[in-house]
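The values are calculated or read from the model by the stated rules, or taken from the named source; none is laboratory data. It should be emphasised that the depicted structure is a prediction, and the values quoted were computed from it without experimental measurement. Cβ placement follows ideal geometry from the backbone for every residue including glycine, while neighbour counts extend to all protein chains displayed. The protein model used for the area step is the full one, side chains on, heavy atoms only, and it has no ligands, DNA or RNA in it. Shrake-Rupley method; radii C 1.70, N 1.55, O 1.52, S 1.80 Å.
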Amino acid sequence: MKYFYCYDQKLAKHLKSYGLDYITLAKNRYDDKLFSLWAKTDEFEKAITEYNNK
């Protein structure tokens with residue numbers, strides 16, 4: 001399974017609106033920025049495609 005690191009809160013909210021849930025929420029140890037980690041599933045890919053086509 002492949003994973004997606006999301007640093008964009010707007011994108012994360014869009015993914016959540018599709019009923020998806022992140023694997024974990026953490027801070028990058030190098031720059032202290034918050035990110036969410038998502039599994040790349042078919043549903044995830046559909047949500048990303050829609051987000052990118054806006």
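Check the straight Cα-Cα distances from Lys27 and name the aspartates and glutamates below 16 Å, setting aside those fewer than 8 residues away within the same chain. Answer for Lys27, where 16 Å is the Cα cut-off: Asp8, listed by chain and number. Under a straight-distance cross-link criterion of Cα-Cα below 16 Å, which lysines are reachable from Lys16, leaving out those fewer than 8 residues away in the same chain? Leaving aside lysines fewer than 8 places away in the same chain, those within reach of Lys16 are Lys40, Lys46. Simple rule: put +1 on each Lys or Arg Cβ and -1 on each Asp or Glu Cβ in the chain, find the dipole, and look at Tyr22, Ile48, Ser36; the Cα lying farthest toward the positive end is Ser36.
Pop the C-beta distance of Lys10 and Tyr30 into the FRET formula with R0 = 30 Å and round what comes out to the nearest 0.05.
Given R0 = 30 Å and the Cβ-Cβ separation, E is 0.85.
The local environment of Ala39, defined by Cβ-Cβ distances under 12 Å, has a net charge of -2 under the rule Lys, Arg +1 and Asp, Glu -1.
Measuring nothing but protein heavy atoms, the accessible surface of the chain at 1.4 Å probe radius is 50 percent carbon and sulfur. With all pairs of separate Cα atoms included, the chain yields a Kirkwood hydrodynamic radius of 11.4 Å. Partner aspartates and glutamates whose Cα lies under 12 Å from the Cα of Lys2, excluding those fewer than 8 positions away in the same chain, are identified as Asp42, Glu45.
What dipole magnitude, in Debye to the nearest 20, does the chain give about its Cα centre under +1 on Lys/Arg Cβ and -1 on Asp/Glu Cβ? It works out to roughly 140 debye. The residues of the chain present an accessible area of 80 Å² per residue when probed at 1.4 Å with all protein chains retained.
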